Each structure stands twice: as structure tokens, then as C-alpha cells.
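Notes follow once the structure below has been shown.
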Amino acid sequence: MSKLTLAIPSKGRLMEQTTDMFARAGLVVRKVGHVRGYRGEIDGLPGVDVAYVSSSEIAEALKSGSVHLGITGEDLIRENISDAATRIRFLQKLGFGFADVVVAVPTCWIDVSTIADLEEIALPFRRIHGRWPRVATKYVNQTRRFFGEKGFGDYRIIESAGATEGAPSSGMAELIVDITTTGETLRANGLKILDDGVILKSQANLFATNAATWTPEHEALCAQLASKLSNSLPAKASAR
């Protein structure tokens with residue numbers, strides 16, 4: 001039987017938090033071969049093959065079905081997999097990696113506190129500047145979906161490759177859609193979150209993909225792993 005493949009973050013805080021979470025569940029994850037390698041195993045679950053992959057690439061691996069399971073942020077799944085509702089199974093919120101995808105505007109826009117306010121100023125803005133307000137973001141798909149649901153269409157997206165929160169002050173855009181944990185970086189850059197501007201309250205999840213080939217043995221291992229992790233999670237993991 002081919003092994004069940006689990007992709008976990010390959011570096012940074014998410015990798016540390018994932019390893020700690022597994023340890024709390026009594027599951028020791030360790031790399032196989034060179035310490036800088038990208039394969040691993042879980043003590044007590046010989047049928048599981050661990051792949052160390054960057055968080056953004058985990059979303060792509062789940063999308064293609066090259067892995068069965070993955071641990072990454074919900075924001076990356078929602079952004080990179082348009083049919084996530086049918087392609088991906090959301091197995092377990094994990095209680096770390098908290099961050100919100102939000103709409104933020106300059107604090108000096110004192111009359112703008114909602115998406116409806118943005119819609120109201122869009123036409124006067126175009127008359128004055130000859131263009132629609134620009135939105136800087138790395139979350140292009142979620143921005144379009146969210147604004148579409150809100151009935152707001154008078155804007156232009158500027159794809160951001162760097163520090164998105166600096167876009168308004170640099171003149172690259174008028175507002176942003178970005179991810180934040182505490183809001184401090186937004187405030188430091190003279191930005192405020194709209195009252196109805198939280199697009200997604202994200203955290204790390206254990207995901208399964210329907211795009212992979214599953215056997216009954218894979219499903220049994222998946223259920224065993226999810227159960228062990230669930231029993232080790234803090235209450236706040238499912239509270240958000």
C-alpha cells in the first residue's frame with residue numbers, strides 16, 4: 001500500500017507550532033535522512049509519510065492531489081483553491097496561526113467606516129482623479145469575492161508583491177486587503193480596518209484533499225491522526 005502523505009510547513013513559526021502540537025498529541029515527528037531534508041515520519045504511524053513544504057505550496061499540493069493531508073492557513077486555501085468547498089475537506093482547526101484577512105483604509109478617511117461608504121465615495125473619487133480607487137493586495141481572489149458579495153465593484157486591484165500595508169502611504173493604492181494578527185502594523189502605517197471589513201478569520205487547519213487517491217487504509221490513518229490531534233487541542237481552536 002502506498003503511504004498517506006501529510007504536508008507540514010517546512011520552516012518558521014508554523015513549523016514549530018505544528019511540531020509542538022504533534023508532540024502534545026503523543027506523536028513525534030522527525031526528519032528522515034539529512035537534517036535539512038524534506039521528508040519525515042511519525043513515530044507510531046508507519047503508514048504516514050511526512051513532506052516538509054512551504055505553507056503556500058501546501059495549498060497547491062492539496063489542490064493538485066500530490067499529498068493527501070496538509071497543515072496550513074485557511075487564508076491560503078481560500079485564496080489558491082477556488083473550489084475549496086468541494087475539493088478540500090476541513091478536518092480540524094488547530095488553534096494556532098491566527099490571522100485575519102481584512103479591508104483597511106487610511107485613518108484620515110473619517111467618513112469611511114464600511115464597504116457601503118467605500119461605494120459611496122467611489123464615483124466622486126473617479127470624477128476627481130479620473131480613475132477608480134485602487135486596492136493593493138496579495139489576496140486577489142478573496143478580495144473580488146468579498147467585494148462582489150457586498151455589491152462593491154468600483155475599484156481597481158493592484159497586486160502587491162511586498163509590504164502591502166505601505167501601499168497607501170507610497171501612493172501605490174488608496175486602500176488595502178491584507179492579513180493581520182494584532183492590527184498594530186496597520187495602525188503604524190496610518191490604516192484602520194473597516195467595521196464590516198473582516199473577510200476571513202483564519203488559523204492553521206488540518207486539511208484533506210479529494211483530488212488525491214484514497215484507499216480505505218488511508219481513510220483509517222486519516223481518522224486516527226485527526227482524532228489524536230483533536231484530543232490535544234486547546235478550546236480556542238474551535239472557538240474562532
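Being touching a Cys at 6+ places or on another chain (Cβ under 7 Å), at pLDDT 95 or above and not basic (Lys, Arg) narrows it down to one residue among Ala208, Ala188; which is it? Result: Ala208 is the single residue among Ala208, Ala188 that is touching a Cys at 6+ places or on another chain (Cβ under 7 Å), at pLDDT 95 or above and not basic (Lys, Arg).
Does segment 171-185 contain at least one residue that is under 12 Å from Val135 (Cβ atoms) and surrounded by fewer than 20 Cβ atoms within 10 Å (Cβ to Cβ)? Working first, answer last.
Keep residues of segment 171-185 that are under 12 Å from Val135 (Cβ atoms), which gives 172-178.
Next cut, surrounded by fewer than 20 Cβ atoms within 10 Å (Cβ to Cβ) only: 172.
For segment 171-185, residues under 12 Å from Val135 (Cβ atoms) and surrounded by fewer than 20 Cβ atoms within 10 Å (Cβ to Cβ): present.
For the structure I just gave you, tell me whether Asn189 is in contact (Cβ under 8 Å) with a residue 12 or more places away in the chain, in contact with an Asp or Glu (Cβ under 6 Å, 6 or more places away or on another chain) and either among the hydrophobic types (A, V, I, L, M, F, W, C) or under 22 Å from Thr107 (Cβ atoms) (or both). Answer is yes for this residue.
Test of understanding: among Ala208, Ala167, which residue is part of a strand (DSSP E or B) and more than 18 Å from Ala99 (Cβ to Cβ)? Break it down stepwise before answering.
On the way: Ala167 fails: part of a strand (DSSP E or B).
Only one candidate passes the filter, namely Ala208.
When each of Asp154, Asp178 is tested for being part of a strand (DSSP E or B) and either aromatic (Phe, Trp, Tyr) or over 13 Å from Pro106 (Cα atoms) (or both), the lone residue that passes is Asp178.
Determine whether segment 25-38 contains at least one residue that is within 26 Å of Thr215 (Cβ to Cβ), exposed (fewer than 14 other Cβ atoms within 10 Å of the Cβ), touching a residue at least 60 places away in the same chain (Cβ under 8 Å) and in the same structural domain as Phe207 (by TED's automatic domain parsing). Among the residues of segment 25-38, at least one is within 26 Å of Thr215 (Cβ to Cβ), exposed (fewer than 14 other Cβ atoms within 10 Å of the Cβ), touching a residue at least 60 places away in the same chain (Cβ under 8 Å) and in the same structural domain as Phe207 (by TED's automatic domain parsing), which makes the answer yes.
Is it the case that Arg134 is in contact with a Lys or Arg (Cβ under 7 Å, 6 or more places away or on another chain) and in contact (Cβ under 8 Å) with a residue 40 or more places away in the chain? It would help to see each step written out before you state the result.
On the way: in contact with a Lys or Arg (Cβ under 7 Å, 6 or more places away or on another chain): yes; in contact (Cβ under 8 Å) with a residue 40 or more places away in the chain: yes.
Here the answer is yes, as Arg134 does meet what is asked.
The residues in segment 180-230 that are touching a helix residue (DSSP H, G or I) at 6+ places or on another chain (Cβ under 9 Å) and of a type in the set (Val, Ile, Thr) can be counted, and the count is 5. For Ala99, the conditions (1) surrounded by fewer than 18 Cβ atoms within 10 Å (Cβ to Cβ); (2) within 30 Å of Glu120 (Cβ to Cβ) are fulfilled apart from (1). Name the residue that is nearest to Asn80 (Cα to Cα), counting only residues in segment 135-155 that are out of contact with any helix residue (DSSP H, G or I) (no Cβ under 8 Å at 6 or more places or on another chain) and surrounded by 18 or more Cβ atoms within 10 Å (Cβ to Cβ). Only one residue fits best here, namely Thr143.
Restricting to segment 181-205, give me the number of residues that are hydrophobic (A, V, I, L, M, F, W, C), closer than 20 Å to Thr114 by Cα and part of a helix (DSSP H, G or I). So that I can check it myself, show each step before the final result.
At the first step, the residues of segment 181-205 found to be hydrophobic (A, V, I, L, M, F, W, C) are 186, 188, 191, 193-194, 198-200, 204.
When the remaining residues are screened for being closer than 20 Å to Thr114 by Cα, the result is 186, 191, 193-194, 198-200.
Right, trim to part of a helix (DSSP H, G or I) and you get 186.
Of the residues in that region, 1 qualify.
Could you check, for segment 62-73, whether at least one of its residues is among the basic types (Lys, Arg), touching a residue at least 40 places away in the same chain (Cβ under 8 Å) and over 13 Å from Thr209 (Cβ atoms)? Checked segment 62-73: no residue is among the basic types (Lys, Arg), touching a residue at least 40 places away in the same chain (Cβ under 8 Å) and over 13 Å from Thr209 (Cβ atoms).
Would you mind finding the one in Ser227, Ser160, Ser238 that is of a type in the set (Gly, Ala, Ser), more than 27 Å from Ser82 (Cβ to Cβ) and at pLDDT below 95?
Ser227
From the list Gly70, Gly65, which residue is surrounded by fewer than 17 Cβ atoms within 10 Å (Cβ to Cβ) and more than 27 Å from Arg187 (Cβ to Cβ)? Only one candidate qualifies: Gly65.
The values are calculated or read from the model by the stated rules, or taken from the named source; none is laboratory data. Keep in mind it's a predicted model, so treat the numbers as computed, not measured. Note: ideal-geometry Cβ built from the backbone for every residue, glycine included; neighbour counts use all protein chains shown.
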